[in-house]
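The values are calculated or read from the model by the stated rules, or taken from the named source; none is laboratory data. Values in this document were obtained by computation on a predicted structure and should not be read as measured data. Here the Cβ positions follow ideal geometry from the backbone for every residue, glycine too, while neighbour counts run over all protein chains shown.
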Amino acid sequence: MRSDIIDFLQNEIRERCEKETNFFGMGCYYHIQAVVKNAAFLAEKYGADVEVVTIAAWLHDIASITDYSLYADHHIYGAQMSEEFLDRFDYDKIELVKKCVLNHRGSKPNVKRSIEEICVADADAVSHFDSVPSLLYLAYVKRKLGIAEGIEFVRSKLERSFNKLSEKSKRLYADKYSEVMRVIG
């Protein structure tokens, strides 16, 4: 495991999330941490390259937290930024990391060709089950929604996230999804 890269990325992502220019606030850092945790778990469970998945998980939202105007295409810009970061470390699996970042969005119909891409995309979706407080912050503080609208925003986000999962991960996370939805109401 390339701890030099992972340590650098963890610090870099935290610093970018702490900036006032980051629309999502620190909640995005907690989201990314959850993606990293779930991606590594899925990589071990599915026999994927844990290092690639971990690095891609740290980088998957790099464009969004750097510049909100990139959000709509943050998967594309994020893949480009990933290459720039990893070139500095002479990393030999840049292309696979870039594909994981490029294809992490379940809302985009990109074909995931590797198990690593599936792990990062599924971890991104399932991370929302771990970061409900961040979703509530986004709903009520950032988007200034009322109580009912905020609950619907979060419920809808969680439903979409579950539906984006691969069939294998849907089975794996079905109980967690049910519990989170029960709490939301």
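Among the residues of the stretch 43-69, what is the count of those that are in contact with a Leu (Cβ under 8 Å, 6 or more places away or on another chain), part of a helix (DSSP H, G or I) and not small (Gly, Ala, Ser)?
The qualifying residues number 6.
When the stretch 12-39 is examined, which residues are found to be part of a loop (DSSP other than H, G, I, E, B) and buried (at least 19 other Cβ atoms within 10 Å of the Cβ)?
Asn22, Phe24, listed by residue number.
Quick one: would you say Asp73 is assigned to a helix (DSSP H, G or I) and within 18 Å of Lys37 (Cβ to Cβ)?
no
Find all pairs meeting these conditions: Cβ atoms under 9 angstrom apart; at least six residues apart or on different chains; first residue within the stretch 141-152 and closer than 17 Å to Gly25 by Cα; second residue surrounded by fewer than 14 Cβ atoms within 10 Å (Cβ to Cβ) and not aliphatic (A, V, I, L, M).
Listed by first residue and then by second, the contacts come to Arg143/Glu149.
Restricting the search to the stretch 1-42, which residues are within 16 Å of His60 (Cβ to Cβ) and acidic (Asp, Glu)?
Of everything in the stretch 1-42, just one residue is within 16 Å of His60 (Cβ to Cβ) and acidic (Asp, Glu), namely Glu12.
Could you please give the count of residues in the stretch 33-67 that are modelled with pLDDT under 95 and under 13 Å from Ser169 (Cβ atoms)?
Residues meeting the conditions: 0.
Looking at Ile184 and the list (1) crowded, with 18+ Cβ neighbours inside 10 Å; (2) modelled with pLDDT under 95, which single condition is not satisfied?
(1)
Please enumerate the residues belonging to the stretch 67-80 that are surrounded by 19 or more Cβ atoms within 10 Å (Cβ to Cβ) and over 14 Å from the mean Cα position of the chain (by Cα).
Correct list: Tyr77 only.
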